[in-house]
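The numbers here are math on the coordinates, done by the rules we state, and not lab data. Remember, it's a predicted structure, so these values are computed and weren't measured experimentally.
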């Protein structure tokens, strides 16, 4: 019986260590960024690993009031590209802790 209790304590310790490592990775992800773009780079965005949009750059050549809808579409496409890349980066970092296991609530 004592052996079973020791195993449970070890499991709890491992869970706490994993939680600590996950918190550290979350902090690191806030500092890592990816770039997304659309329109051949005419609209570029930077997104951090916590899925926060940190920068938008728009080439002046696409700023035309007559083509506002196209610019809006390019901005949305660039943001979605950046968000996808940031999710992939975060997922890759988290899989280093979980060993590739899909644990509910740990994915971004």
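Taking one quarter of the surface of the convex hull spanned by the alpha-carbon atoms of region 26-73 gives a direction-averaged projected area of 3.4 nm². By the Stokes-Einstein formula, at 0.692 mPa s and 37 °C, the chain with its Kirkwood radius over alpha-carbon pairs has D equal to 202 µm²/s. Select from 80, 48, 64 the residue whose mean-square fluctuation is largest in a Gaussian network model of the chain (Cα-Cα springs shorter than 10 Å). Answer for the Gaussian network model of the chain: 64. Springs join every pair of Cα atoms under 10 Å in this Gaussian network model of the chain, and among 37, 20, 65 the largest mean-square fluctuation is at 65. Helix 68-98 and the longest principal axis of the C-alpha atoms of the chain enclose an angle of approximately 20°.
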